[in-house]
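These notes are about the structure you will find just below.
The values are calculated or read from the model by the stated rules, or taken from the named source; none is laboratory data. From a predicted model like this one, the values you see are computed outputs, not experimental measurements. A quick note on method: Cβ atoms are made from the backbone with ideal geometry, for glycine too, and the neighbour counts reach across all protein chains shown.
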Amino acid sequence: MEPFVLEDGLPRLFRLKLWHQEHAAITAGFTSRQGGVGKAPYESLNCAFHVGDDPQDVISNRRTLAESLSFQLEDWTCGEQTHGVNIAVVDLKDRGRGSRDRTSAFSDTDGLITNVPGVLLTSFYADCVPLYFYDPVRSAVGLAHAGWKGTVAEIAAAMVSKMSEVYGSCAEDVLAAIGPSIGDCCYEVNDQVMKHVHLLEESSEGVTPFSESVYRQSEANGDKSMLNLKELNQRIMIKAGILPTHIECTTWCTSCNPDLFFSYRKENGVTGRMTSWIGIKES
């Protein structure tokens with residue numbers, strides 16, 4: 001069953017339905033591109049400053065999203081993503097960093113974790129993979145942005161390690177989800193990318209070897225490969241100790257659905273960004 005369910009109404013949002021049904025304390029999901037005020041080529045629910053959109057439109061879209069989740073813009077907290085593996089611990093004093101400008105966001109940060117109610121963790125995408133983490137035992141949540149660089153650097157495993165270090169989380173308690181992103185149907189990569197994938201495969205002792213479910217030869221270009229970043233992140237999560245039954249993985253491809261998603265590849269690099277979010281609700 002598809003874990004990210006598209007809801008009616010504006011803004012149009014994908015809710016992580018099972019988590020919402022079973023864990024009333026949190027909210028988690030992913031935006032579509034519909035229901036904002038942005039103008040082409042950022043039409044319409046772009047929530048990222050760095051793409052060249054009107055900053056006031058971005059702030060308006062962020063406010064609309066936050067309030068639709070029963071949060072405020074002042075709760076919105078994010079990092080400046082660099083396709084790395086740095087993870088920030090978000091405390092109460094950090095609430096709202098990056099909400100109205102880029103300069104106050106966590107610098108060089110692709111992962112965020114918190115156990116503070118009322119903080120809305122967010123990150124931004126136009127084909128990369130959003131990763132969600134929730135420890136219901138320790139009441140802690142996390143988000144990670146995983147492009148191919150972050151994926152092969154195992155940011156998914158780094159998130160589990162960081163939650164264990166900071167909050168005492170046990171991997172077997174952690175729930176994880178993999179959100180809408182480009183699929184192996186559309187993600188063609190060259191040998192430079194595949195070298196890193198093969199290095200990761202060689203280092204993954206004790207796990208099932210990679211197969212066509214992770215990568216396969218491109219039919220259109222025989223010297224390239226079709227890479228499944230979702231499956232690769234799922235295998236890294238399992239290697240890190242998350243139970244396979246605790247991982248939800250979407251089937252949505254951002255490149256195949258340009259009416260619903262911004263896609264860097266589909267739109268030749270000039271486009272907006274969707275937002276992943278997770279937060280612990282205040283009592």
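Would you mention how many residues in segment 125-162 are outside any loop (DSSP other than H, G, I, E, B), over 21 Å from HIS196 (Cβ atoms) and touching a Pro at 6+ places or on another chain (Cβ under 9 Å)? Show your work before the answer.
The initial filter retains those residues of segment 125-162 that are outside any loop (DSSP other than H, G, I, E, B), namely 125, 129-135, 140-146, 148-152, 155-162.
Add one more test, that the residue is over 21 Å from HIS196 (Cβ atoms), and what stays is 132-135, 140-143, 162.
Within this subset, residues satisfying the condition of being touching a Pro at 6+ places or on another chain (Cβ under 9 Å) are 143.
Summing the residues that are outside any loop (DSSP other than H, G, I, E, B), over 21 Å from HIS196 (Cβ atoms) and touching a Pro at 6+ places or on another chain (Cβ under 9 Å) in segment 125-162 gives 1.
So which strands (runs of 3 or more DSSP E) are wholly in segment 179-283 and hold at least 1 residues that are modelled with pLDDT of 95 or more and over 16 Å from the mean Cα position of the chain (by Cα)?
Result: 215-217, 225-227, 274-280.
From the list GLY179, GLY142, GLY183, pick out the single residue that is out of contact with any His (no Cβ under 6 Å at 6 or more places or on another chain) and closer than 23 Å to ASP91 by Cβ.
Unique residue meeting the criteria: GLY142.
Tally up the residues in segment 67-91 that are among the small types (Gly, Ala, Ser), over 12 Å from THR122 (Cβ atoms) and not in a loop (DSSP other than H, G, I, E, B), please.
2
So ASP57 clears everything in (1) touching a strand residue (DSSP E or B) at 6+ places or on another chain (Cβ under 7 Å); (2) within 30 Å of TRP148 (Cβ to Cβ) except one condition, right? Which one?
(1)
When you look at SER32, is it hydroxyl-bearing (Ser, Thr, Tyr) and touching a strand residue (DSSP E or B) at 6+ places or on another chain (Cβ under 7 Å), yes or no?
yes
Going through segment 108-140 one residue at a time, which ones are without any contact (Cβ under 8 Å) to a residue 60 or more places away in the chain, surrounded by fewer than 24 Cβ atoms within 10 Å (Cβ to Cβ) and within 26 Å of THR64 (Cβ to Cβ)?
Residue satisfying the conditions is THR109 alone.
Can you tell which of SER60, SER32, SER44 is over 16 Å from SER276 (Cβ atoms) and crowded, with 18+ Cβ neighbours inside 10 Å?
Values: SER60 fails: crowded, with 18+ Cβ neighbours inside 10 Å; SER32 fails: over 16 Å from SER276 (Cβ atoms).
Within the list SER60, SER32, SER44, the selection yields SER44.
Out of the residues in segment 232-263 that are more than 17 Å from GLY38 (Cα to Cα) and of a type in the set (Ser, Thr, Tyr), state the one that is surrounded by the most Cβ atoms within 10 Å (Cβ to Cβ).
Per the stated criteria, the residue is THR254.
Out of segment 153-211, which residues are loosely packed, with under 15 Cβ neighbours inside 10 Å and touching a helix residue (DSSP H, G or I) at 6+ places or on another chain (Cβ under 6 Å)?
Scanning segment 153-211 gives a single hit, VAL207.
Collect the residues in segment 92-119 that are under 27 Å from HIS23 (Cβ atoms), part of a loop (DSSP other than H, G, I, E, B) and either in contact with a Pro (Cβ under 8 Å, 6 or more places away or on another chain) or basic (Lys, Arg) (or both), keeping them in residue-number order.
ARG95, ARG97
For segment 24-39, indicate whether the set of residues that are in a loop (DSSP other than H, G, I, E, B), under 16 Å from LEU121 (Cα atoms) and in contact with a Ser or Thr (Cβ under 9 Å, 6 or more places away or on another chain) is non-empty.
Yes - at least one qualifying residue is present in segment 24-39.
Can you find a residue in segment 43-66 that is in a loop (DSSP other than H, G, I, E, B), modelled with pLDDT of 95 or more and closer than 14 Å to LEU143 by Cβ? Break it down into steps so the answer makes sense when it comes.
Within segment 43-66, the first condition is being in a loop (DSSP other than H, G, I, E, B), and the residues that meet it are 43-54.
Applying the additional criterion that residues be modelled with pLDDT of 95 or more yields 43-54.
Then drop every residue that is not closer than 14 Å to LEU143 by Cβ, which leaves 47.
Yes, segment 43-66 has at least one match.
LEU143 - would you say it is crowded, with 24+ Cβ neighbours inside 10 Å and over 13 Å from the mean Cα position of the chain (by Cα)? Before you say what the answer is, go through the steps one by one.
Values: crowded, with 24+ Cβ neighbours inside 10 Å: yes; over 13 Å from the mean Cα position of the chain (by Cα): no.
No.
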